[in-house]
Structure formats: structure tokens, C-alpha cells
Amino acid sequence: MSGKVFAVASVIGLLSMAAFADENATPVERVKTLPGFEVELLYSVPAEAQGSWVAMTFDDKGRMIVSDQYGKLYRITVPAIGSDDPIQVEPLNIEIGMAHGLLYAFDSLYVMVNGSNKDDDGRPRTGLYRVVDSNGDGELDQVLQLRKLIGGGEHGPHAVILAPDGKSLYVCAGNHTPVTEFAESCVPRNWDEDILLDRQWDARGHARDVLAPGGWIARVSPDGEEWELISSGYRNEFDIAFSPEGELFTYDADMEWDIGTPWYRPTRVNHVTSGSEFGWRSGTGKWPEYYPDSLGSVVDIGPGSPTGIVFGTGARFPAKYQQALYIADWSYGTIYAIHLEPDGASYRGTAEEFLMAQPLPVTDMQVNPHDGALYFLIGGRKTQSGLYRVTYTGSESTAPAPSVPHTSDALRATRYMIEQMHGKQHPAIVEAAWPYLGHADRAIRFAARIAIEHQPVDTWAARVFAEQDPVALTHAAIALARNGNETHRAPLVAALDRIRWDDLSRSQQLDLLRAYGLVLIRLGTGDDAIRQSLLNKLDAKFPTGDRDQDRELVKLLIALEAPGIAGRALAQLARARTQEDQIHYAFALKDLETGWTPEERRAYFSWFREAAAHRGGMSFGGFLENIRKEALETLTAEEQEQLADVLKAAPAEPVDPFAALAPRPFVKKWTVDDLLSTADTGLSHRDFARGRELFATAVCFRCHRVQGEGGTIGPDLTGAGRRFNNRNLLESLIEPDKVVSDQYQKMTFLLKDGRVVEGRVINLFNDKLQVLTNMFDPSALEEIARGQIDESLPSTTSMMPGGLLDRFSDEEILDLLAFLKSGGDPQHEIYTSRTTSE
């Protein structure tokens, strides 16, 4: 729904796109970028001779060093901006390559090898290496292994970058890289899965048996001797980058096969603070972003394949773009500029499409400090590789941007102060950190708890039981649950029971529910008296009407085998308007063995027949099948006989996504002008519940997310109300073809055999493209070989269908518009201004 205007290098890009089928890198005529920016293709890599490039760095002489994903390193002398000199590419005569990360620092080249090449003993050479000039002749000639790492492949070890103070290195590794030996750790070494109900592994076997802590980030001394764990809980963060202020960020991957399930997490930018945890767990075990024992995202992007990231520091760009974080999405051929702004002691961000093309599999990016240009590579998975340069030729000033003060400097200073305690033990730390457990800022609360968890538990456990502040007690309880033992269980539950639910905010209530969950996970249920105490506290609260709270409550109550929970959970399943919510309740109920009536069992297993019509990622159908299989194992032979007709019923056929609209009578062929004046004056006192209901009825949730709920094929609309005015939003709803965001634009492929394929390119491998042809079915992919393509053209129609509002009244449309303006927040002023009589 973006209304952004992009500069196009040539109108040729809007005509024939036969270059999909050639053997050269994507031509600049097809690359769209912002006004004032210019893209040059400096080099189209000969694939047979030089492979497919995935990593880059600049040496101390301004020369670029790159790596083939499956082969050698190359040194490149790029021509000056505006020069006609040829580019110079030469292989480095050293026995190392297959790098996912490169860094020139401390008069040497650091190489993060990630590949299948073997040493003389037949062992994989994956790990961190340092290449030096041993004889002073100006050539790198000696390879030193600093640290062997286990694991490899696309989820193995990745980037290596320089710390802001220039005194150490930082490295990152994906979730298939077991932690190495750390001399020190800012992360408490008590990580675990911390999943309340039984987890299912991915239905197709990906990351099976891969356990916490997942992907990780570490600080390393220049000689490679000292390693310190900084952060963990990632799926596959390919790169890391420091802001000018010294704050570390990364761009973590989604599991695209999970799309359509409640455990799907989009690709997202994370603020990497000391001791941080981001909650990736394999299969269905991924933590929701609101868990207080993890940290959330700076900005969610959506489906994609994160690769290189870099700040614009040193770029000769306008100030806004010098300060931006650039992140690359390999699958969708997009470089985003993330504009960050302080949010308490952390940050929030806004994503702007900076540069894009189909295909444009960006692998790495760097700002050249010598010429101020942004350089990027495309390639990977043996796809056609190329080297590009981005410069600014517009009219805005490119003078070095002044340092932007953090608007919450005091909060950030507090976080820094607490983080200095991480990884250390000292009698004064508990006293210093404890007051911040109840702080209003999430990042500060988190930092304080981490500092306390590093201290011997017997020095602070009694203080938990005596704590009177409900927020501090909640977070102290989380710390004790993670570090204590069974002797702490009863007094900890008693302490939590003192907290008055109604005195807490919504987010504080969620934190309390997680604290109870961690007590059950880490310390166990204990005797029946504790179980009954927990039921007395929690049972009557379900359902609350809040999606996230109800998700947490149903898990707790099923774990506690609350009386009647099967029927109440089924009622929520029947009431759910998204398939993600339905699946959550079905998944939670699968292990409940007792407390069912025959009618409830029948209703539960009947749901699976209807659920077969839902659609999602590549593992979606397998997950549904596995949920059903595990639920069947809880049935007695008699129950199976009673339910034979339901259990043997054929699955439902896929349903028309617009079926909910069909019974509604046609109202009017609405235009923007019909509604704009009313929208500009009538968006107060709106009905949140009806707006959300209409968002579901109009099948918006099938493609769009709001507050973490819904699909991911289209853009996340949580922030749409802040970015777009009423006219923009109405035009997107009523005239979806008027402005089609380049990121979500379809391509039309005319094939040599006469077929026509239309959709979005979402993946590549070697000479193959994978095209998503049905936005309502993320697994509907068609593979096309480049050699099959005769011509390719950008589609002029949106993936979003028109006429969706023609069966709604003007009042209903205003409620829907208010839901979008509010970003799905029921506390937004659009609703809180409601009068008492309403």
C-alpha cells in the first residue's frame, strides 16, 4: 500500500525484461531507487570462472576483497566515481575462501569460513581465520586459524565486524552453529527451551533437535583468544552493524515454512543489547515477542531472506540516509533504509524501500570510506553475481551528518550502567540492579534482571519473596524461576499470588502470566495445593477478550488441567477470526487427555476437516497433520470408535477466501471522494471490535499483519496509520491498482513454450526462479528456469483485489478505516475518546 515514488534508471525497465533469461547481472535499468540516487553495475561476475559472491570488505588501500560462496577470495580495484578506467579483479593467492564474513582490520584480513572445504585431516575448516602479510611485501600470504567452529551452511557462522572502539571484533552465527567455548558471557548460561506445552519439530524436519540458545553474537579479541557471548536467541542473523552511537543491530530471519501458523515470526531488525535473548526456538517453540525474558524487534519487515546490513556512516548521502541502517532482503531483491528513533532506552524503526529489482539477490553491502559510495553484491546459491555502486547525485547536502543525540539519553545511560554488571559477580550488584526491576522501560528491566541472574541465587532469593512492588516482583520471580530449584517453588507462587491482577497494565499482566509459566516449566507444578492455588488465581480470568493474554492463559490452564478448559478453549477456537488463532487453540488442546465430553471431542476433531482448507507455508499442512496425530494418541479405543465417522471424513476442499463476503448484499461501488470528507471528520468514537471484525471479513488478515496477527504476503499494516493520511488509506482500499508498491509488484513471465506465469519472485537457486502465484496460498510456488523465459514484464495490477468494500456500508468502512488508523490498538485515541453513553 506504499505511495512512495521511485526513480527508475531507464524506461527500458518498464518494457521488456528479457534479462531474467540472460547470464549477466541484473541491469541497472531494472533497479528502482529513490530520487537523487544512482546505481551503477560495475562488474558482472563470470560464474564459471569466479563463482557467486556473498561477502565483501575494503582493505587499508581502498581495494575491495570479496568471496565466492563456494570458492576463492578476489581483490578488486574499483574505478573512481565518474572514471572510465576498467575495473581490476584478481584472485588472492591464498588457500582460503568460502567466506560468509570478511573484515580488514589490525593490518590483516579476518575471514569467517563457512563451507565444506577440509583441512589435511579431513575436518571442515569452518571457523574464524586471520590472514597476514608475514614478510612485509604487501601481499597477504599466511593463514592462521583463530577458532574452529562447529556447524556450517546457510545457518552457520557469518559476519565479522570491527567494534566501535577499534579494539575488538564482533562475530555472529546462525542457529546451526553450536556455541563455542566462551571465556566470558553477558548472557546467563542457564538457557533452555522454556516452552510450556509439548513442542512439535518442523513438519519437514528443518532444525530438528536444534536447541537453545540458537543463533548467537560474540565479542572476540583481535588475536582470537578471548571470546565473550553477547547475545543469543536468533534464527539466522547473517550480519551485524554498529550505529554511529555504538549501538549494535542485526536483521534476523523468519522461517517462511511457518507462514500461516501462530508461531510464525517475520524477518525483523533487533537491537543487540548486552545479555539479550530473542526467543528463537525450533519448530512450534518460538517465543512471542512480548515475553519479558526476551526482547522484541525494532521493526518487523515480513517474509524474506536477510543478508548483509550496514549503517550509512561515511556515505556521501543526505543526512537522513547517512544515519539510516541498510538491510538486504535476498529473496525479494530489496534494500531497505531503516530510520531509527529512540524508544526509551532502546529504539524503534521505520522501514523505507531504498532500492529494489526482481531478481536482485543482494548478499552484502559496505560503504567505501574513500569515496562515500554504497557498494553491494548480488549472488549466492550459485546465482548470477554482480557488483554495484550507489551514489547520490541529487540537490541535498551530503556534508557529514551531525551526531543525533538520543532523546532518552538518561535512560540509555541507565541501561549502559546496568550492562557493565553483566557477566560479573560482586556483592554490590544485587543492591545496585534491584531497583531497576520495576522500571517502566523494558530494556532497563531486562538489563537489571540479567545482572541479578549472574549473581549466586542464594544471595538474592529471599529478597524475591519480600518484594512488594508488583512489577519488580514479577521480574524477580522470572529470574528466580530461571535460576532456582524446587525449594523455591511454593514461596515463589505465594509471592506471585499477592499481585492484584486488576492493578496491572495489559503488558504487566502478560509478564505475570509468563512468570507463572516459567515457574511451571522450570520448577514444576508441585503438589495439588500449589496447582489449586494457581487455578484459583488464573482460572476465572479466561477468556479475557485479549488475544495474547488468552493465548497464554489457555496454555497455563491446559498444563494445570483446569476443569472445563476443553469446552472453553473450543469456544475460543470457534470464535477466532484468523486461522492463526484457531491453530493456536487446536495445538494447545492436542495434549489434553482428561476433562473432555464426547461432544467436545467431536467438535475438536471436526475442526481438522475444516482446517484442511487453510493455507500456509511449506510446513503448514504437515503441522496440521501432526497436531491431529498427537491428539489422536490421547483417545481411548472406545473414543476412537465413537468418533469413527469424524475421524474418517475426507478433508474439506480449499475454500474461496471471499466466501464471507458473498452473503453480504452489494451496497455501492464506492469511490474515495464518497468517503473522504466523512473520514476526515468522523473517525472519533469508532467501534474497535467491529473494525477488527470487518478487517477479517474483507479477508485483509489473510495477507496483512496488524499487531502481530494475520498473514505476511502483503505489508504489515500496524504502522500504516502513522505513515499515511485518510486519502492514502482509502485509495489503497478502493483503488489498489492505482499505486502498486514495487516490493509487492507481480511479474508476468512469458515462457518459450507459450505459457504465462504471473506472481512474485520469492526465491532463487542457480538458474531457477521460484514464483509465488497465489497470494492466498504461500506454498503455491512455480519453478521457472531462466532459459525458459522469453520475456518478463512488471504487472500493472495489484495482488490485492478490488471491490472489497462494495458490500460494506459507509459506517462499516469508517470502522475499518479507524482500525487501520489505530494500528490495531484498542487504546488508541480513536477509541478512548468514546463518550460514556457509548
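Counting only residues that are over 23 Å from the mean Cα position of the chain (by Cα) and in a strand (DSSP E or B), which one in the stretch 221-242 is surrounded by the most Cβ atoms within 10 Å (Cβ to Cβ)? This residue is Trp227. Filter the stretch 243-275 for residues that are in contact with a helix residue (DSSP H, G or I) (Cβ under 7 Å, 6 or more places away or on another chain) and at pLDDT 95 or above; which is surrounded by the most Cβ atoms within 10 Å (Cβ to Cβ)? Among those that are in contact with a helix residue (DSSP H, G or I) (Cβ under 7 Å, 6 or more places away or on another chain) and at pLDDT 95 or above, it is Gly275. Note on the stretch 120-173: enclosed strands (runs of 3 or more DSSP E) holding 2 or more residues that are open to solvent by less than 20 Å² (accessible area, probe 1.4 Å) are 127-132, 157-162, 169-173.
From the set of residues in the stretch 1-51 that are among the basic types (Lys, Arg) and open to solvent by less than 60 Å² (accessible area, probe 1.4 Å), which is modelled with the highest pLDDT?
Applying the first criterion (among the basic types (Lys, Arg)) to the stretch 1-51 yields 4, 30, 32.
After this cut, where a residue has to be open to solvent by less than 60 Å² (accessible area, probe 1.4 Å) as well, the list is 30, 32.
Details: Arg30: 91, Lys32: 94.
Across the stretch 1-51, the extreme among qualifying residues is Lys32.
The lone criterion from (1) part of a strand (DSSP E or B); (2) more than 20 Å from Asp293 (Cα to Cα) left unmet by Thr250 is number (2). Pairing residues of the stretch 423-450 that are at pLDDT 95 or above with residues that are among the aromatic types (Phe, Trp, Tyr) and open to solvent by 10 Å² or more (accessible area, probe 1.4 Å), at Cβ distances under 6 Å and at least 6 apart in sequence or on separate chains, gives Ile444/Tyr436; Ala448/Tyr436.
Restricting Tyr347, Tyr291 to those that are within 28 Å of Met417 (Cα to Cα), more than 14 Å from the chain's Cα centre (by Cα) and either free of Cβ contacts under 8 Å to residues at least 12 places away in the same chain or open to solvent by less than 20 Å² (accessible area, probe 1.4 Å) (or both) reduces the list to Tyr291.
Could we say that Tyr392 is in contact with a helix residue (DSSP H, G or I) (Cβ under 7 Å, 6 or more places away or on another chain), open to solvent by 30 Å² or more (accessible area, probe 1.4 Å) and touching a residue at least 12 places away in the same chain (Cβ under 8 Å) here? Spell out the reasoning first.
Working: in contact with a helix residue (DSSP H, G or I) (Cβ under 7 Å, 6 or more places away or on another chain): no; open to solvent by 30 Å² or more (accessible area, probe 1.4 Å): yes; touching a residue at least 12 places away in the same chain (Cβ under 8 Å): yes.
So Tyr392 fails the test.
Within the stretch 767-784, restricting attention to residues that are touching a helix residue (DSSP H, G or I) at 6+ places or on another chain (Cβ under 9 Å) and not aromatic (Phe, Trp, Tyr), the residue that is farthest from Val699 (Cα to Cα) is Asp767.
Give just the number: which of (1) surrounded by fewer than 14 Cβ atoms within 10 Å (Cβ to Cβ); (2) under 28 Å from the mean Cα position of the chain (by Cα); (3) at pLDDT below 95; (4) not aromatic (Phe, Trp, Tyr) does Ser403 not satisfy? (2) is the only condition that Ser403 fails. When restricted to residues that are open to solvent by 30 Å² or more (accessible area, probe 1.4 Å) and closer than 19 Å to Glu467 by Cα, the stretch 506-531 contains 1.
A single entry from Tyr332, Tyr291 fulfils the requirement of being modelled with pLDDT of 95 or more and either in contact with a Ser or Thr (Cβ under 9 Å, 6 or more places away or on another chain) or outside any strand (DSSP E or B) (or both): Tyr291. Of all the numbered requirements in (1) over 30 Å from Gln455 (Cβ atoms); (2) free of Cβ contacts under 8 Å to residues at least 40 places away in the same chain; (3) not β-branched (Val, Ile, Thr), Asp409 misses one, and that requirement is (1).
If you go through the stretch 491-505, how many residues are surrounded by fewer than 17 Cβ atoms within 10 Å (Cβ to Cβ) and assigned to a loop (DSSP other than H, G, I, E, B)? Spell out how you get there, then give the answer.
Our first condition is that a residue be surrounded by fewer than 17 Cβ atoms within 10 Å (Cβ to Cβ); within the stretch 491-505, this holds for 491, 494, 497-498, 500-505.
Checking which are assigned to a loop (DSSP other than H, G, I, E, B) leaves us with 498, 500, 504-505.
The total comes to 4.
Scan the stretch 774-795 for residues that are over 12 Å from Gly759 (Cα atoms) and among the polar types (S, T, N, Q) and the total you get is 2.
If you go through the stretch 59-105 and keep only what is surrounded by 14 or more Cβ atoms within 10 Å (Cβ to Cβ), out of contact with any Asp or Glu (no Cβ under 9 Å at 6 or more places or on another chain) and either basic (Lys, Arg) or assigned to a loop (DSSP other than H, G, I, E, B) (or both), you end up with Asp59, Arg63, Gln69, Tyr70, Gly71, Lys72, Ile96. Of everything in the stretch 306-326 that is part of a helix (DSSP H, G or I) and of a type outside the set (D, E, K, R), the residue that is nearest to Ser243 (Cα to Cα) is Gln322. Taken over the stretch 556-598, residues that are of a type in the set (D, E, K, R) and not in a loop (DSSP other than H, G, I, E, B) amount to 4.
Consider Leu377 carefully, then state whether it is within 27 Å of the chain's Cα centre (by Cα), modelled with pLDDT of 95 or more, in a strand (DSSP E or B) and within 30 Å of Glu758 (Cβ to Cβ). Break it down into steps so the answer makes sense when it comes.
Working: within 27 Å of the chain's Cα centre (by Cα): yes; modelled with pLDDT of 95 or more: yes; in a strand (DSSP E or B): yes; within 30 Å of Glu758 (Cβ to Cβ): yes.
Judged against the criteria, Leu377 is a match.
Taking the listed residues Glu735, Glu783, Glu791, Glu758, the one that is closer than 27 Å to Ala679 by Cβ and open to solvent by 30 Å² or more (accessible area, probe 1.4 Å) is Glu735, with no other qualifying. Those residues that are out of contact with any helix residue (DSSP H, G or I) (no Cβ under 9 Å at 6 or more places or on another chain) and either without any contact (Cβ under 8 Å) to a residue 12 or more places away in the chain or open to solvent by less than 20 Å² (accessible area, probe 1.4 Å) (or both), I need them from the stretch 576-632; list them, please. Matches in the stretch 576-632: Ala613, Lys629. Only residues that are of a type outside the set (A, V, I, L, M, F, W, C), open to solvent by 20 Å² or more (accessible area, probe 1.4 Å), in a helix (DSSP H, G or I) and in contact with a helix residue (DSSP H, G or I) (Cβ under 7 Å, 6 or more places away or on another chain) were counted in the stretch 669-721, giving 4. Here Gln366 passes the criteria (1) of a type outside the set (Gly, Ala, Ser); (2) outside any strand (DSSP E or B); (3) open to solvent by 30 Å² or more (accessible area, probe 1.4 Å) except the one numbered (2).
Within the stretch 253-263, track down each residue that is in a loop (DSSP other than H, G, I, E, B) and hydrophobic (A, V, I, L, M, F, W, C).
Step one: filter the stretch 253-263 for residues in a loop (DSSP other than H, G, I, E, B), giving 253-255, 259-263.
Those that are in a loop (DSSP other than H, G, I, E, B) and hydrophobic (A, V, I, L, M, F, W, C): Ala253, Met255, Ile259, Trp263.
The values are calculated or read from the model by the stated rules, or taken from the named source; none is laboratory data. Bear in mind the structure is a predicted one, so any value in this text is a computation, not a measurement. Reconstructed Cβ throughout: ideal geometry from the backbone, glycine too, with neighbour counts over all protein chains shown. Note: areas computed on protein heavy atoms with side chains; ligands, DNA, RNA excluded. Shrake-Rupley method; radii C 1.70, N 1.55, O 1.52, S 1.80 Å.
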